[in-house]
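This report refers to the structure that appears directly beneath it.
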Amino acid sequence: MEKWISILQTHSEVLTVASIVVMGLILAISLSRILRQIKRLNRSLTSITNNIQAYFDVIMQEEVQEQEQAQMQGKQQMHENVQSEHTEGAPTSADLDGKRKEEEEVFNAVLQEYFS
C-alpha cells in the first residue's frame with residue numbers, strides 16, 4: 001500500500017495530465033455521439049416537415065378545385081333556374097360543415113400518424 005502511495009505521489013503530475021486527457025477523450029466521444037443523434041433527428045424532422053407541407057399543398061389544391069366546382073355548379077344551377085324556374089338546393093351550410101369536419105378528422109389523423 002505504501003508503494004502505491006509513493007508511486008502516486010512521485011508521478012502525480014503525469015497522472016493528473018493522463019486523467020485530463022482521458023476525460024477529454026470521453027467528452028469528445030460523447031459529443032460526437034450527441035452530434036450524430038442531432039443530425040438524425042434533424043433529418044427526421046425535415047422529412048416530417050416536408051410531408052406535412054406536401055399534405056397542406058394537396059389540401060389547398062383540393063379546396064381550390066372544390067371552390068371552382070362549386071362556382072361552376074352554381075352557374076349551371078342559376079342557368080337552369082332561369083330556364084326552368086325550378087330551383088334545386090345548393091349545398092347547404094350543414095353539408096359544408098360536415099365536409100370540413102371530415103377533412104379536419106383526416107388532417108388530425110395524418111398529423112397523429114407522423115408524430116406518433
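The values are calculated or read from the model by the stated rules, or taken from the named source; none is laboratory data. These figures come from a predicted structure and were not determined experimentally. Every residue, glycine as well, gets a Cβ built from its backbone with ideal geometry; the counts of neighbours run over all protein chains shown.
Worth pointing out:
- Residue list for segment 1-60, restricted to those being among the hydroxyl-bearing types (Ser, Thr, Tyr) and closer than 30 Å to Phe115 by Cα: Ser30, Ser32, Ser44, Thr46, Ser47, Thr49, Tyr55
- Single match in Gly74, Gly89 (criterion: over 32 Å from the mean Cα position of the chain (by Cα), small (Gly, Ala, Ser) and either modelled with pLDDT of 85 or more or surrounded by fewer than 10 Cβ atoms within 10 Å (Cβ to Cβ) (or both)): Gly89
- Residue among Leu15, Leu45, Leu31, Leu8 that alone is among the aliphatic types (A, V, I, L, M) and under 30 Å from Glu105 (Cβ atoms): Leu45
- Near pairs, Cβ below 9 angstrom, 6+ apart or cross-chain, from segment 78-106 (within 20 Å of Tyr55 (Cα to Cα)) to any residue that is at pLDDT below 65: Lys99/Pro91
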